[in-house]
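**Student:** One structure, pasted below without further comment.
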Amino acid sequence: IAKCLDPIKETGENVHSLWIFRNGYNIAGGSTAPFDEFTARRVYSTMKSVIAMGILFCVQEGKLSFEDHIADYFKESVPENCASELLELTLRQTLNMSVGQYNDALGIFHASKYGLGMVPFTMREKLKNLPFDPAGMSLEQIFFALPIDYKPGTEFHYVNTVPELLIRLITKVTGTDFISYLRSRLFEPLDITLFNGQETMREGWSPEARARGNGRIPGDAL
C-alpha cells in the first residue's frame, strides 16, 4: 500500500486521504495535512445510489412498480406534442439511464434559471439548438418537451436529469420530501446524521434545506 501511495504523492495530486477496510476492520489509512478523517468532502454522484435506494423502498412498499410509466406521474408537465416514446418510458429504463435523450434537461433547466455558469462547457453549444424556449419551464416540462434521440431502453446515456426526476417522483408518491422519507428507512439505521444542504436548488429537498443555502448542520439535507 505504501509503495502504491509514493508515486501518487510524487505527482503532486491533492489526495485528501485513503482508508482501507477488510472484513469490517480498518487495516490501513491516513490523511494528508491539512485534512483529517473528519474533513467534509464532496463525493460526486454518491447520491445516485441513495436515490436508487429511495426508489427501491417505494417499490417494496407498493408505491411504485418498475414497469410504471414515468409520464403518468407528471401529467401536468407533459405537453400535447410529447414524443410517444417518452409516454412509454418506464421506471426501470429511467433507473438504467436509458431515457432516450442525449440532451440533459437538468443542464437546460439550470441554464434558463441560473445562467450558463451552472452548465458544463460540453453542453453549452447544444443549448443554441433547442426546439423550444425553456425560460420559465420546470425541469419536468423541459424533459418531456425534448425530442427523442434513441429508443428508451436500448442505450445507456448518462444524464443528470435522471436522479433529479427520481427525487421528484419519490416526493410525489410518498407525500413527503426525499430526506424525510429516507430518514427512518435508511439514514437512522446506518447512523448517518451529518448532512450538507449545498444542493439548494433541487425541489425535492426539504424546504428547510432549500432555504438554508450552504450551511452545514445535522439532519436536513445531504
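The values are calculated or read from the model by the stated rules, or taken from the named source; none is laboratory data. Note that the coordinates shown come from a computational prediction; the quantities given were computed from them, not determined experimentally. We place every Cβ from the backbone using ideal geometry, glycine too, and count neighbours over all the protein chains shown. Just the protein is used for accessible areas: all its heavy atoms, side chains included, with ligands, DNA and RNA removed. Shrake-Rupley method; radii C 1.70, N 1.55, O 1.52, S 1.80 Å.
**Student:** Starting from segment 130-159, keep only residues that are in contact (Cβ under 8 Å) with a residue 24 or more places away in the chain and closer than 9 Å to S98 by Cα, then list their pairs with residues that are β-branched (V, I, T) and not in a loop (DSSP other than H, G, I, E, B) whose Cβ atoms are within a distance under 8 Å, requiring at least 6 positions of separation or different chains.
**Tutor:** Filtered contacts from segment 130-159: P152/T90; G153/T90.
**Student:** If the Cβ limit is 8 Å and pairs must be 6+ apart or interchain, which residue in segment 89-101 that is open to solvent by 10 Å² or more (accessible area, probe 1.4 Å) pairs with which residue that is part of a helix (DSSP H, G or I)?
**Tutor:** T90/I70; L95/A52; L95/I55; L95/V162; L95/L166; M97/V162
**Student:** Let me ask you something else. Tell me, please, whether a residue that is within 27 Å of G175 (Cβ to Cβ) and surrounded by 14 or more Cβ atoms within 10 Å (Cβ to Cβ) can be found in segment 6-20.
**Tutor:** The answer is no; no qualifying residue exists.
**Student:** Moving on to the next point. Is at least one residue of segment 161-172 modelled with pLDDT of 90 or more, open to solvent by 50 Å² or more (accessible area, probe 1.4 Å) and under 23 Å from E85 (Cβ atoms)?
**Tutor:** Yes: segment 161-172 contains one or more residues that are modelled with pLDDT of 90 or more, open to solvent by 50 Å² or more (accessible area, probe 1.4 Å) and under 23 Å from E85 (Cβ atoms).
**Student:** Sticking with this one: So which residues in segment 55-65 are assigned to a helix (DSSP H, G or I) and open to solvent by less than 60 Å² (accessible area, probe 1.4 Å), if there are any at all?
**Tutor:** I55, F57, C58, V59
**Student:** Just to check your reading of the model, which residue among Y158, Y181 is under 18 Å from A52 (Cβ atoms), at pLDDT 90 or above and surrounded by fewer than 15 Cβ atoms within 10 Å (Cβ to Cβ)?
**Tutor:** Answer to the check: Y158.
**Student:** A further question on this structure: Given the options A40, A33, A52, A28, name the one that is modelled with pLDDT of 75 or more, open to solvent by less than 100 Å² (accessible area, probe 1.4 Å) and part of a loop (DSSP other than H, G, I, E, B).
**Tutor:** Just a single option satisfies the conditions, and that option is A33.
**Student:** Can I ask one more? Please work out which residue is nearest to the chain's Cα centre (by Cα), limiting yourself to segment 66-75 and to residues that are part of a helix (DSSP H, G or I) and in contact (Cβ under 8 Å) with a residue 12 or more places away in the chain.
**Tutor:** Taking the candidates together, the pick is I70.
**Student:** A further question on this structure: Quick one: would you say V15 is of a type in the set (V, I, T) and part of a loop (DSSP other than H, G, I, E, B)?
**Tutor:** yes
A quick yes/no check of all residues on (1) farther than 19 Å from T176 by Cα; (2) within 24 Å of the chain's Cα centre (by Cα):
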| position | (1), (2) |
| --- | --- |
| R22 | yes, no |
| G30 | yes, no |
| D36 | yes, no |
| T46 | yes, yes |
| V50 | no, yes |
| C58 | no, yes |
| L64 | no, yes |
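**Student:** Only one of L64, L56, L86 is touching a helix residue (DSSP H, G or I) at 6+ places or on another chain (Cβ under 8 Å), within 19 Å of R185 (Cβ to Cβ) and among the hydrophobic types (A, V, I, L, M, F, W, C). Can you tell me which?
**Tutor:** Sole residue among the options that is touching a helix residue (DSSP H, G or I) at 6+ places or on another chain (Cβ under 8 Å), within 19 Å of R185 (Cβ to Cβ) and among the hydrophobic types (A, V, I, L, M, F, W, C): L64.
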